[in-house]
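Below is one structure, written out as structure tokens; comments come after it.
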Amino acid sequence: MTGIASLVNGTETDALSVYDRGLHYGDGVFETIAIRQGHLRHWDRHMQRLRDGARRLGFDPLPDIALIAAEAERLAEPHERAVLKIIVTRGVADRGYAPPVPTRPNRVLVVSPWPTHNPDYRSGGVTVRVCTTRLGRNSQLAGIKHLNRLEQVMARGEWGAEFAEGLMLDDRDRIIEGTMSNLFCVHGAVLVTPALLDCGVAGVMREVVMELAQAQGHTVREQEITRDTLATADEVFLTNSLIGIWPVKQIDDQSYDIGKITRALQTAVSD
């Protein structure tokens, strides 16, 4: 994969030490941020999650957000539309799982072109499948965006271009999220989204949509979601920081209408 530009600890390079713990153990966190007209969208929310993830992994000291911000703004400023990925690892250390004290983090910032998703996904909706790959449950890691994405890699390998996204379940048959997105179901005027107590990523756009829905007068609930919840939904949609909101028109053999609530939230997210 090639990007437009990259910085490693503030230096223009695409090289990282082979001894980095992010490479050896997935020991780190990351954020994927939309760049629009040189602006980093939802920056504060992304940095709050980055710091929270690093804190929960036991990074000491925590990442220097002011330093990351200066580098991110430098990279983002020339671009009308692009993607910034920020990776913070625990850094280089001797062999073994024991985390080094103090942490000497490495920070990697990469700007890449805007993804070439089908433009009809936003207007006409997407077709989704339910994956056979399951998410492991670990409440210590639930919600954060850590570097180990092997479950998502395996799930995404289950299909080609025939689906836009795949939904992932845990070992109790609860629907948790998409491989790259969060899930919402609409029942009347109530929006429900999976409670991420044991696994899954608490997406920034998920948080934004929950707040916007409440501002529009809807009830929003985080709860257990099963296939029955999907079967009785009036509307279903997916969210992440790059796609915004994709309406779902079909999951496996079940079809859905693209309703007024999804459309109103799409407009609010764009605004």
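Every number in this text was worked out from the coordinates using simple rules, so none of it is lab data. Treat the numbers as computed from the prediction; the structure is a model and nothing was measured. For neighbour counting, all protein chains shown are included, and Cβ atoms are generated from backbone atoms with ideal geometry for every residue, glycine included.
Please report, in debye to the nearest 20, how large the charge dipole of the chain is about its Cα centre when each Lys and Arg carries +1 at its beta carbon and each Asp and Glu carries -1 there. Using only the charged Cβ atoms, the result is roughly 380 debye.
Return the inverse of the average 1/r over all pairs of distinct C-alpha atoms in the chain, which is the Kirkwood hydrodynamic radius, in Å to one decimal. After inverting the pairwise mean of 1/r, the radius is 19.5 Å.
Each DSSP beta bridge with both residues in the chain is either parallel or antiparallel, and the antiparallel ones are about 75%. Farthest towards the positive end of the charge dipole of the chain, among the residues A215, S6, V248, is the Cα of S6, using unit charges on the Cβ of Lys, Arg, Asp and Glu.
With all pairs of separate Cα atoms included, segment 1-123 yields a Kirkwood hydrodynamic radius of 15.2 Å.
Straight-line reach from K260: taking Cα to Cα under 12 Å and skipping same-chain neighbours fewer than 8 places apart, the aspartates and glutamates in range are D234, E235.
Applying 1/(1 + (r/R0)^6) with R0 = 30 Å to the Cβ-Cβ distance of E71 and V153 gives a FRET efficiency near 0.65.
With contacts taken as Cα pairs under 8 Å at a separation of at least 6 residues, segment 120-270 carries a relative contact order of 28 percent. 3J(HN,Hα) couplings calculated from phi for segment 110-123 with the Karplus curve 6.51 cos²θ - 1.76 cosθ + 1.60 (θ = phi - 60°) are, in sequence order, 10, 9, 10, x, 4, x, 9, 6, 4, x, 6, 4, 5, 8 Hz; Gly and Pro show x. Going 7 Å from the Cα of Q223 toward and past its Cβ, which residues in segment 159-180 have a backbone nitrogen under 15 Å from where you end up? Residues 175 qualify, since their backbone N sits under 15 Å from the label point. Label zone of T132 (point 7 Å out along Cα→Cβ, amide N under 17 Å): in segment 194-217 this covers no residue at all.
Over segment 120-270, the reciprocal of the mean inverse Cα-Cα separation, the Kirkwood hydrodynamic radius, stands at 15.3 Å. Taking amide H as placed 1.01 Å from N in the peptide plane, the amide H of G178 sits under 5 Å from that of M168, L183, each at least 5 places away or on another chain. Every helix of 4 or more DSSP H residues in the chain counts as -39500 (n - 2.57), and over all residues that averages to -7500 deg cm²/dmol at 222 nm. Measuring nothing but how far apart in sequence close Cα pairs (under 8 Å, 6+ apart) lie, relative to its length, the chain scores a relative contact order of 18 percent.
Taking the charge dipole of the chain about its Cα centre, with +1 at Lys and Arg Cβ atoms and -1 at Asp and Glu Cβ atoms, the residue from T132, A189, A82 reaching farthest to the positive side is A82. Working from Cα pairs under 8 Å separated by at least six residues, relative contact order for segment 5-113 is 38 percent.
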